[in-house]
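Structure, as structure tokens:
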Amino acid sequence: MNISIVIPCHNEEKNIPEITERFMKIIKETDLELYKIIFVDDGSTDHSWQEISSLTKKFKNKILGVKLSRNFGHQNAVMTGLKFCKSDLTLIIDADLQDPPELLKEMFDKLKNEKANCVYGKRISRKDTFFKKITAKMFYRIFNKLSYTKIPLDAGDFRLIDNKIVQNLIKLNETDPFIRGLVPWTGFKQIPIEYDRSERKSGESSYDLKKMLNLTLDGMLSFSNFPLKISYYICLISLFILFLLVVYTLNSFFSGQTVPGWTSLIIVILFFNSILFFILAIFGEYLGRIFLEIKKRPNVIISEVTED
Ligand code: UDP
Ligand code: MG
């Protein structure tokens with residue numbers, strides 16, 4: 001079996017040579033044959049591209065560099081890399097060596113032994129800032145409450161996937177792809193492998209707060225239309241209060257304890273409030289469906305068909 005390794009890079013000049021050497025070594029220790037290591041330079045402003053170019057000369061045919069015209073973001077960089085994978089298997093890994101390349105051996109064994117289509121890295125510990133750890137933990141748990149595709153907790157994009165999954169991923173043409181949601185969405189057999197996530201080897205994280213929030217939003221919005229359903233819940237609450245108030249105000253009215261006009265005023269306000277939110281909820285439903293429709297995800301993915 002052969003394998004491609006997709007590595008998105010944004011200012012990773014120091015890590016690129018090291019990750020290459022480590023993979024060249026590790027692959028020799030497995031039964032795998034290297035198709036190509038695919039570096040996607042996502043608008044780096046350091047010498048990443050020069051490093052990639054010189055590696056292509058050093059390891060003829062085994063390194064492919066793809067340079068994007070500017071920074072398009074991690075997820076888009078990975079998607080671009082996947083489009084160049086013409087191999088049985090593909091490993092997606094960050095350039096910064098936070099995920100150990102050496103785990104490939106175990107991942108491959110697991111994939112083979114359990115006949116899985118994907119083995120994803122599940123972080124049992126990670127050396128990141130407290131803020132990053134806590135927000136990431138919260139994110140995965142809230143995501144699964146809201147989304148119709150469940151994603152494994154504490155798994156990033158570090159995963160070994162087979163060609164079936166790659167082909168299905170690259171057929172999608174989503175504007176803001178959220179890979180760690182899309183891979184589980186494709187189905188097939190996906191199993192975890194636990195590992196400790198270490199510190200970034202060199203350079204700085206390109207995920208600032210803004211990028212992290214964007215990724216969170218992309219994930220939430222492309223896998224859930226819960227936010228659009230909020231109007232519907234407000235409408236229900238408003239109707240419930242309306243009902244209580246109608247009973248209360250009518251009661252006050254008949255016992256003569258009200259200022260003239262108050263009863264009707266309250267009821268009219270709540271009534272129209274409920275209607276308004278009801279209409280917004282209808283809009284939300286349609287908008288949600290239009291959103292799903294324009295993404296054009298296939299309705300099903302066929303895993304196998306019998307042959308005669
Ligand atoms: N990356 C990228 N484009 C970006 C940001 C990051 O290609 O706009 C790459 C980066 O080079 C690394 C991976 O995506 O290989 C993960 O990024 P980073 O390590 O900065 O994120 P963190 O691990 O801090 O979440
Ligand atoms: Mg990192």
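Here are the numbers for the structure shown:
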{"read-out": "Positive-end residue, the chain charge dipole about Cα centroid, Cβ charges, pick of Gln257, Gln190, Ile134", "value": "Gln257"}
{"read-out": "Modelled FRET efficiency - R0 30 Å, Met138 with Ile294, Cβ distances, 0.05 increments", "value": "0.55"}
{"read-out": "Charged-residue dipole, Cβ positions (Lys, Arg, Asp, Glu), the range 146-204 about Cα centre, Debye nearest 20", "value": "240 debye"}
{"read-out": "Carbon + sulfur, % of accessible area of the chain - ligands and nucleic acids excluded, 1.4 Å", "value": "62 percent"}
{"read-out": "Ordering of 175-184, 112-121, 21-30 by burial proxy (mean other Cβ atoms within 10 Å per residue, highest first)", "value": "175-184, 112-121, 21-30"}
{"read-out": "Spatially proximal aspartates and glutamates relative to Lys189 (Cα-Cα < 16 Å; intrachain offsets below 8 disregarded)", "value": "Asp88, Asp109, Glu114, Asp162, Glu304"}
{"read-out": "Built amide H within the under 5 Å cut-off of Ile63, gap 5+", "value": "Ile37"}
{"read-out": "Backbone HN-Hα couplings from phi across the range 61-68 [Karplus 6.51/-1.76/1.60, Hz, Gly and Pro as x]", "value": "6, 9, 10, 10, x, 10, 10, 7"}
{"read-out": "Two-site FRET efficiency, Lys211 against Tyr232, from Cβ-Cβ distance with R₀ of 25 Å, rounded to 0.05", "value": "0.20"}
{"read-out": "By average C-beta atoms within 10 angstrom, highest first, the peptides 189-201, 255-267", "value": "189-201, 255-267"}
{"read-out": "The chain: DSSP helices with Cα axial extent of at least 18 Å and average Kyte-Doolittle hydropathy no lower than 1.6", "value": "226-254, 262-295"}
{"read-out": "Per-peptide average of other Cβ atoms within 10 Å, ordering 7-18, 56-67, 285-296 highest first", "value": "7-18, 56-67, 285-296"}
{"read-out": "Sum of side-chain charges, Thr56 neighbourhood, beta-carbon under 13 Å (Lys, Arg +1; Asp, Glu -1)", "value": "+4"}
{"read-out": "Assigned charges on the beta-carbon of Lys, Arg, Asp, Glu; the chain dipole about Cα centre (debye)", "value": "160 debye"}
{"read-out": "Pair Glu204, Thr45: separation of 7 Å Cα→Cβ label points (nm)", "value": "1.0 nm"}
{"read-out": "Estimated 222 nm signal from helices in the chain, with DSSP H stretches of n ≥ 4 weighted -39500 (n - 2.57), rounded to 500", "value": "-16500 deg cm²/dmol"}
{"read-out": "Charge dipole magnitude, Cβ of K and R +1, D and E -1 - the range 158-308, Cα centre, debye nearest 20", "value": "240 debye"}
{"read-out": "Between the range 196-252 and the range 39-115, the Cα center-to-center distance that results, in Å", "value": "34 Å"}
{"read-out": "Percent RCO, i.e. relative contact order, over the range 13-118, from Cα pairs under 8 Å lying at least 6 residues apart", "value": "32 percent"}
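The values are calculated or read from the model by the stated rules, or taken from the named source; none is laboratory data. Everything numeric in this text was worked out from a predicted model, so none of it was measured. As a convention, Cβ positions derive from the backbone with ideal geometry for all residues, glycine included, and neighbour counts pool all protein chains shown. To get the accessible areas, we keep the full protein, side chains included, count just its heavy atoms, and leave off ligands, DNA and RNA. Shrake-Rupley method; radii C 1.70, N 1.55, O 1.52, S 1.80 Å.
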